[in-house]
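Worksheet: one structure, shown below.
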Amino acid sequence: MGAEPTPRREVVTGAPAGRTRAACPDSPAHDDLAVRKLMRRQVRIGLVACSLLALPLGLFPVVFRFLPDGATGRAAVWLLLGVAPYPVLLATGAWYVRRAERNEGDVNGR
C-alpha cells in the first residue's frame with residue numbers, strides 16, 4: 001500500500017533508425033529545387049482535379065434548363081443533384097490522392 005513507483009526512464013544509445021538528414025549527401029540547393037518542382041506538380045494536378053469537378057457540375061444548370069417541366073423533370077433534377085455528383089467526386093478524389101502520393105514518392109525516392 002505504498003506509493004506507486006516512479007516510471008523508469010529510457011535512454012537512447014543507438015543511432016536513429018532510417019534515413020536522417022545528415023546521412024543525405026544532397027545539397028540544400030538540390031532540395032529547394034526538388035521542393036519547387038513538387039509544388040508545381042501538386043498545383044498542376046490540383047487545378048486539373050478542380051477543372052474535372054467544375055466542368056460537369058457547372059453544366060448542371062444547362063441540363064436543368066432542358067429538362068421537362070412537371071413531376072418527371074423534378075425527379076430528374078433530384079436524381080442529378082443527389083446521385084450523379086458523388087461517383088465523379090469519389091473518382092476525382094481517388095485519382096488526385098494517387099497522383100499526389102506518386103509525386104511525393106518521386107521526390108523522396110520511394
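The values are calculated or read from the model by the stated rules, or taken from the named source; none is laboratory data. These numbers come from a predicted model, not from an experiment. With ideal geometry, Cβ positions are generated from the backbone for all residues, glycine too; neighbour counts draw on all protein chains shown. For the accessible areas, the whole protein counts, side chains as well, though only heavy atoms, and no ligand, DNA or RNA atoms are used. Shrake-Rupley method; radii C 1.70, N 1.55, O 1.52, S 1.80 Å.
Would you mind computing the Rg to Rh ratio of the chain from its alpha-carbon coordinates, Kirkwood style for Rh?
Result for the chain is an Rg/Rh of 1.35.
For the chain, what is the accessible area per residue in Å² when the probe is 1.4 Å?
It amounts to 86 Å² per residue over the chain.
Determine the gain in length on full extension of the stretch Q42-A94; use 0.36 nm per residue of separation and subtract their C-alpha separation, reporting nm with one decimal.
17.3 nm
If amide hydrogens are placed 1.01 Å from N in the peptide plane, which non-local residues have theirs closer than 5 Å to the one on L67?
When sequence neighbours closer than 5 places are left aside, there are no close amide H contacts.
Once the Cβ-Cβ distance between E101 and L79 is put in as r, and R0 is 22 Å, what FRET efficiency do you end up with, to the nearest 0.05?
It comes to 0.05.
Separation between the N108 and L67 pseudo-spin-labels, each 7 Å from Cα along Cα→Cβ, expressed in nm?
Result for the modelled spin labels: 4.4 nm.
May I ask for the angle, rounded to the nearest 10°, between helix 28-58 and the longest principal axis of the chain, with both axes built from Cα atoms and the value confined to 0 to 90°?
20
Charges at C-beta only: +1 for Lys and Arg, -1 for Asp and Glu. How large is the resulting dipole of the chain about its Cα centre, in Debye rounded to 20?
It comes to approximately 240 debye.
Tell me the carbon and sulfur percent of the accessible area for the chain, rounded to whole percent, probe radius 1.4 Å.
64
Could you tally the net charge around G46, taking each other residue with its Cβ under 13 Å from the Cβ of G46, Lys/Arg +1 and Asp/Glu -1?
Cβ neighbours under 13 Å give a net charge of +4.
To the nearest 10 square angstrom, how much accessible area does T72 have with a 1.4 angstrom probe?
About 100 Å², ignoring ligands and nucleic acids.
What does the accessible area of L53 come to, in Å² to the nearest 10, when a probe of 1.4 Å is used?
Looks like 40 Å² after rounding.
Would you please put 81-89, 34-42 in order of how densely packed they are, using the mean number of other Cβ atoms within 10 angstrom per residue and starting with the highest?
34-42, 81-89
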